[in-house]
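Heads up: the structure comes next, in structure tokens.
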Amino acid sequence: MAPSYGSDQTLLWAAGGHGGLGFDFVKPEWIPFRGELSWYAVGPSTWDDSLFRYRSFNGFRMAAMSGLRFDLKGSELDILGGAAASALGYTGISEATAYLSILAEARYILPLRLSAAAKLKLVAALPVEYMFRGTARTIAAGLDLGIGIDLPAATGAAK
């Protein structure tokens with residue numbers, strides 16, 4: 001759910017969703033950089049008492065975050081924060097815009113032990129985004145589920 005409000009409107013709720021790809025550069029106790037590229041959509045908001053509602057929109061987002069890693073004896077908890085730049089188009093009209101947002105995310109990572117060669121992880125996250133969309137402000141919170149793949153670490157220069 002993504003509540004929105006403007007300088008002259010009350011808080012109005014809308015449903016939404018997204019899909020994307022991300023990559024992490026990780027160290028033992030922290031994540032210096034996480035990058036994401038995603039597509040998202042937010043449906044029309046609920047109606048207010050004056051029969052006003054926000055139009056639905058969809059767009060693309062590029063995000064950069066950093067944060068801490070906590071080892072939980074076989075699993076991991078990550079706490080991340082950062083910022084994003086997004087471009088969106090409104091449904092049913094030819095208007096488009098771009099905006100900045102602030103991000104926070106808590107992720108729980110559980111390694112999947114399918115085989116000795118497979119390095120897959122189940123990732124569950126609780127993301128929160130505060131969007132600065134012109135005179136409107138949107139708070140988007142949700143639940144993300146995904147699969148992570150560990151890539152081998154570089155061990156030295158190629159010969």
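Just a few scattered comments:
- In this simple spin-label model, placing a label point 7 Å from the Cα along the Cα-to-Cβ direction at both Ala15 and Leu122 gives a separation of 2.5 nm.
- Each label point was placed 7 Å from the Cα along the Cα-to-Cβ direction; for Ala41 and Leu100 their separation is 3.0 nm.
- Spatially proximal aspartates and glutamates relative to Lys119 (Cα-Cα < 14 Å; intrachain offsets below 8 disregarded): Asp150
- At R0 = 22 Å, FRET efficiency that the Cβ-Cβ distance of Leu51 and Ile93 yields, to 0.05: 0.70
- With 0.36 nm allotted per residue and the present C-alpha distance subtracted, the Leu145-Arg113 stretch has 9.8 nm of extension available.
- Each principal axis of the Cα atoms in segment 22-149 has its own extent, and those three values, largest first, are 57, 27, 26 angstrom.
- Backbone HN-Hα couplings from phi across segment 52-65 [Karplus 6.51/-1.76/1.60, Hz, Gly and Pro as x]: 8, 8, 7, 6, 6, 8, 8, x, 10, 9, 10, 10, 9, 9
- Extension gain for the segment Phe132 to Phe23, taken as residue separation times 0.36 nm less the Cα-Cα distance, is 36.8 nm to one decimal.
A short reminder: the numbers here are calculations on the coordinates, not readings from a lab. Remember, predicted model here, so these are calculated numbers, not experimental data. Cβ: placed from backbone, ideal geometry, glycine included. Neighbour counts: every protein chain shown.
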